[in-house]
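Just below is one structure, and these are the notes that go with it.
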Amino acid sequence: MSNPLKLTHFLHGGDYNPDQWLDHPEIIDRDFHLFQQAHLNSITLGVFSWAKLEPSEGHYDFSWLDDIFDRAEAQGTHVILATPSGARPRWLAEKYPEVLRVDNHGQRQHFGERHNHCYTSPIYREKVQTINRKLAERYGHRKSLLMWHISNEYGGQCFCDLCQAAFRDWLKAKYHSLDCLNHAYWSSFWSHTYTSWDQVEAPSPLGDQSVTGLNLDWHRFVTDRTIDFFENEIKPLRELTPNIPVTTNFMGGNPPESHVFTDLDYQKFAEHVDIVSWDSYPNWSNDYESTAQLAMKTALMNDEMRSLKHDNYLIMESTPSQVNWHPYNRSKRPGMHEMGSLQQIAHGANSVMYFQLHQSRGASEMFHGAVITNNLSDQTRAFKDVTTVGHDLQQLTGAVATHRRDARVAIVFDYDNMWALDDSRNYANATKQYWRTIQEHYQYFWEHDIPVDIVKTADDLTPYTLVIDPMHFLMDQAFAAKLKAYVHQGGHLVGTYITGIVDRNDLAYQGGWLPDLQATYGLTVQETDTLYPHQHNTLKAFDKTYTTKDYSDLLVLDGAEPLGTYERDFYAGTTAISRHPLEQGAAYYLGCRTDTDFLEDFYRSLDRSLKLTPELPLKKKTPTVSIQVRENATAHFYFVINFSHQATTIQLTQPLTDALTHQPADSTQELPAYGVRVFTDSQD
Ligand code: GAL
């Protein structure tokens, strides 16, 4: 594992926007005092400070930032310095309107909001480089500078003429000829044939939105354009500060689904950052799922972020209390802040950082939770909770050089597949739910403390005993061949309904299922029945009957053996679930969607035969307690977290030290509601 930040302790800090308080230096004085009190060791500066740093074109004022750097340095606090491109000053938009984003109706936006610049505009790129260069020249050698935080939460799309031209160039480089483009987009259908590159336009409600190959390429282009913009941003930083790592804060999707962020291919983007960081805002205590259910989804998001580089990562933002943008902004119950914060550490995060350290007095985020609220007190629950986490992180310093235990189980996730599946004019838009399907497959492993990686198609599959590849609608032949080789070499593979339908251009495979999938799963898929929400079939398997829903593949076996059969409808008696042994390995095909009751039984049987559940020196009584292990060659840290409002106990089956108190741990441990314990065998 690399450690680009060379951290010797966990980071605890967050976004600090002191430019709101420059006329109140006593507030800034007090803030720094409170930072120490709350064990904060890092501040993220300048995320949206462009107008304060360059009040008019070419006129800079760094005096206030110099002062904040001095203060940070005086108390040994790290600085994570942001480039300010996430929100531009008014003068820039007024003088150079091309920096403003154009929507998919061709309408240029007015100045306002944030995260809404054109990613192609040469002027914006130049202005961003200029301010970034100034920052690197001025602060690049400050000893407190730990890392660059590039822009903020990149996202969105621009449809201006410059972006359209860049899109056409991107397509030319990809397809070389219009014939190839026409073939990929199947453009003779509806007489859409392109006869000149100039005719190609980004998808728009005013033009084409039904050419699914075009839609898919647009998604890919938006990722590439954003990365290109990012690369432009970091050029002066790489030149002037080659030893300072760069990151940009990735996002998770919003409630209710706790979905991945869908605009950008983070698997691709992650190759360009030195360390992955992301902003995590689970809506604890909502009214539609249990704390454990949301904890499982949050664990999955953390596993997804860690898997981007298969390395430790950072939580760049989280809230100490509540946010102001969930549909309902619930307070954290007592204990929950520590619970949620240490959960991220348990999965491989090396930081707990917040938005924001001092609450805004006005404007859009005045009601967003903060470490120091408008109450200004150190007696708020949020301040005390943050102090507790800061203390915990200090006690856990020995764990910073560990990483989450290697996984033997992988779930494949692919952005092209997600975009193509979501856009496919088939199945049912309401029930495709690719990410939710991944969550449902992940659940068994989370409940049984079995580490999981979320892998991309380019990853090596051979380290894994079990690979789960759900709803892989868009799959190229090379990946089908990789799956086949994986199973032949002794791997165990689980695939599901709606797999292997289209190629990388979103064109349907001809002549039946891909030969490599047929050979791997030992069957062919004849058709897929899409059910309405209130329709169900039943499945007979493991001597039980399970309800099925949403999708039923009709299968013809060719080498595979049935593990379960449909009980109803015209395909009653045919195979729904199959197993195909291949040399040392086996491929399982789940032809229908079930509830998690079936998945639990199915994965339990695989767990038993493949011995996936790790031997742990702790025994828990309920699946709502999660045990994650961080380790290195000499030490293990067991993070035990109760994601329930009910207290429980756990048993230690070998002597361990309580890593938070450094005392020998009793063998019976009480875990209060939302309680956290960390145990270690470390001798340090
Ligand atoms: C993030 C954003 C921050 C702040 C925060 C509030 O998405 O990066 O600037 O707005 O949300 O939760």
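The values are calculated or read from the model by the stated rules, or taken from the named source; none is laboratory data. All of these numbers come straight from a predicted model, not from anything done at the bench. Neighbour counts are summed over all protein chains in view; Cβ atoms, including those assigned to glycine, are modelled from backbone coordinates with ideal geometry. For the accessible areas, the whole protein counts, side chains as well, though only heavy atoms, and no ligand, DNA or RNA atoms are used. Shrake-Rupley method; radii C 1.70, N 1.55, O 1.52, S 1.80 Å.
Observations
- Y313 being open to solvent by less than 10 Å² (accessible area, probe 1.4 Å) and within 12 Å of the ligand (Cβ to nearest atom): no
- For K432, the conditions (1) out of contact with any strand residue (DSSP E or B) (no Cβ under 9 Å at 6 or more places or on another chain); (2) buried (at least 19 other Cβ atoms within 10 Å of the Cβ); (3) of a type in the set (D, E, K, R); (4) not in a helix (DSSP H, G or I) are fulfilled apart from (1).
- Considering residues of region 379-423 that are in a loop (DSSP other than H, G, I, E, B) and touching a Lys or Arg at 6+ places or on another chain (Cβ under 8 Å) only, the residue farthest from W218 (Cα to Cα): T402
- Counting the residues of region 88-116 that are surrounded by 15 or more Cβ atoms within 10 Å (Cβ to Cβ), within 16 Å of the ligand (Cβ to nearest atom) and free of Cβ contacts under 8 Å to residues at least 40 places away in the same chain gives 1.
- Among the residues of region 203-226, those identified as outside any helix (DSSP H, G or I) and either open to solvent by 30 Å² or more (accessible area, probe 1.4 Å) or within 18 Å of D103 (Cα to Cα) (or both) are P203, S204, P205, L206, G207, D208, Q209, S210.
- Note on region 624-669: enclosed strands (runs of 3 or more DSSP E) holding 1 or more residues that are closer than 26 Å to H310 by Cβ and either in the same structural domain as N286 (by TED's automatic domain parsing) or over 23 Å from the mean Cα position of the chain (by Cα) (or both) are 636-642.
- Matching residues in region 152-191 - criterion: being without any contact (Cβ under 8 Å) to a residue 40 or more places away in the chain, open to solvent by less than 20 Å² (accessible area, probe 1.4 Å) and of a type outside the set (S, T, Y): L181
- Some residue of region 255-268 being part of a loop (DSSP other than H, G, I, E, B) and not assigned by TED's automatic domain parsing to the domain that holds Q344: no
- Single match in G564, G559 (criterion: assigned to a loop (DSSP other than H, G, I, E, B) and in contact with a Phe, Trp or Tyr (Cβ under 9 Å, 6 or more places away or on another chain)): G559
- Odd one out for L5, checked against (1) in the same structural domain as R361 (by TED's automatic domain parsing); (2) aliphatic (A, V, I, L, M); (3) part of a helix (DSSP H, G or I): (3)
- Search result, residues across region 602-612 that are open to solvent by 20 Å² or more (accessible area, probe 1.4 Å) and either under 21 Å from T648 (Cα atoms) or part of a helix (DSSP H, G or I) (or both): R604, S605, R608, S609, L610
- I641 vs. criteria under 22 Å from Q443 (Cβ atoms), modelled with pLDDT of 95 or more, in contact with a helix residue (DSSP H, G or I) (Cβ under 9 Å, 6 or more places away or on another chain) and surrounded by 14 or more Cβ atoms within 10 Å (Cβ to Cβ): yes
- Any chance Q293 is of a type in the set (S, T, N, Q), surrounded by fewer than 19 Cβ atoms within 10 Å (Cβ to Cβ), part of a loop (DSSP other than H, G, I, E, B) and modelled with pLDDT of 95 or more: no
- Qualifying position, being farther than 23 Å from N375 by Cβ, within 16 Å of the ligand (Cβ to nearest atom), touching a residue at least 12 places away in the same chain (Cβ under 8 Å) and touching a strand residue (DSSP E or B) at 6+ places or on another chain (Cβ under 8 Å), among I80, I43: I80
- Residue match in region 492-504 (condition: open to solvent by less than 30 Å² (accessible area, probe 1.4 Å), part of a loop (DSSP other than H, G, I, E, B), in the same structural domain as D601 (by TED's automatic domain parsing) and touching a helix residue (DSSP H, G or I) at 6+ places or on another chain (Cβ under 6 Å)): yes
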